[in-house]
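The values are calculated or read from the model by the stated rules, or taken from the named source; none is laboratory data. Being a predicted model, the structure only gives us computed values, none of them experimental. Cβ: placed from backbone, ideal geometry, glycine included. Neighbour counts: every protein chain shown. When the accessible area is computed, the model is the full protein with side chains, heavy atoms only, and any ligands, DNA or RNA have been set aside. Shrake-Rupley method; radii C 1.70, N 1.55, O 1.52, S 1.80 Å.
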Amino acid sequence: RSMLLTGLNPHRAGYGSVANFDPGFPGLRMELADDALSLAEILRANGYATHAVGKWHLARDTNLAPGRTRDSWPLQRGFDSYYGSLEGLNSFYYPNELISDNSVVDVEEYPPDYYVTDDITDKAISRIKSLRAHDADKPFFLYFSHIAMHGPHQAKPEDLAKYRGRYTEGWDAVRRSRFDAQLEAGFFPPGTQMAERNTEPGYDAPPWDELTEEEQLRFARYQEVYAAMVDSIDQSV
């Protein structure tokens, strides 16, 4: 995120890691550096309307509370408006806290059909419509950053239904079929071999056939939910 918005190496922008803490070392302050211009700041100074919608995660946790500095919040870093979640993750049905510009959105209760992916897209559309209602020609920059695919992985029932059983053959078969399709489509030079299985401890995926039946059901379910969330974003966009 810091690289995307500044064009700088993340340590130079202030993020040697994710923005959840401040160990006190240079390059690890978890705030956009004072001398690192954001793309929004540059564009706004050159006549653009600038809007940010969705996940921010560029302010450390301690600065999300009332009364703390907002120096690394969207409006302080070049955006005319902001709507979304400043946190790294949030519920898709009952977000812990959503922010509009510099203030917490006051929500007593989310409606039964609320889903944050749809909300974010609706707000993005409304920003463009509002601008165009007042100015037909002004250029704009919209930082449109969905919270998905970050956890917690939560999908709509109707999207989940489309992916029931799609991953029961296991990740080895899915991986092979996808690679073969990419090879046939010309994405890689002819004769390219699929990469070896990742064996790094903690990041390794065991052969599907070595999993128990219970594990296979669980991991297939994980993949169904993830795919349904991706589908939801595609529909939304």
Next item on the list: Pick out which of F188, F21, F92 has the largest mean-square fluctuation in a Gaussian network model of the chain, springs linking Cα atoms closer than 10 Å.
Entry: F188
Next item on the list: Report V18's accessible area, 1.4 Å probe, all protein chains in place, as a number in Å² to the nearest 10.
Entry: 70
Check: Comparing N90, N46, N63, which has the greatest mean-square fluctuation in the GNM of the chain with Cα pairs linked when under 10 Å apart?
Finding: N46
Check: Got a sec? What order do L32, L75 fall in by accessible area at 1.4 Å, biggest, i.e. largest, first?
Finding: L75, L32
Item checked: Per residue, in Å², the accessible surface of the stretch 1-100 once ligands and nucleic acids are set aside, probe 1.4 Å -> 46
Check: Just going by the charge dipole of the chain, with Lys and Arg at +1 and Asp and Glu at -1 on Cβ, which of M149, G27, L183 is farthest out on the positive end?
Finding: G27
Checklist line | Difference of contour (0.36 nm per residue) and Cα-Cα distance, E200 to Y93 | finding: 35.1 nm
Checklist line | Among Y222, Y82, Y143, residue whose mean-square fluctuation peaks in a GNM of the chain (springs only between Cα atoms under 10 Å) | finding: Y222
Item checked: Order by protection proxy (mean Cβ within 10 Å, highest first), peptides 3-15, 209-221 -> 3-15, 209-221
Next item on the list: Could you check what % of the DSSP bridge pairs in the chain are antiparallel, to the nearest 5?
Entry: 30
Checklist line | Mean separation of Cα contacts under 8 Å, 6 or more apart, over the residue count of the chain: relative contact order % | finding: 17
Checklist line | Net length gained if the chain between D34 and D135 were fully extended (0.36 nm per residue, minus Cα distance) | finding: 33.2 nm
Checklist line | F141 long-range amide H proximity, modeled H, under 5 Å | finding: A49, T50, H51
Next item on the list: Report in % the part of the accessible area of the stretch 1-152 that belongs to carbon and sulfur, leaving out ligands and nucleic acids; probe 1.4 Å.
Entry: 54
Next item on the list: Name the residue farthest towards the positive end of the dipole of the chain from the options Q193, L160, S103, assuming +1 on Cβ of Lys and Arg, -1 on Cβ of Asp and Glu, about the Cα centre.
Entry: S103
Next item on the list: Taking the chain as the reference, fit the longest principal axis to its C-alpha atoms, fit the long axis of helix 171-184 to the helix C-alpha atoms, and give the angle between the two in degrees, 0 to 90, nearest 10.
Entry: 80
Notebook entry, point to check: How big is the Kirkwood radius of the stretch 1-152, worked out from every pair of different alpha carbons and given in Å to one decimal?
Noted result: 16.1
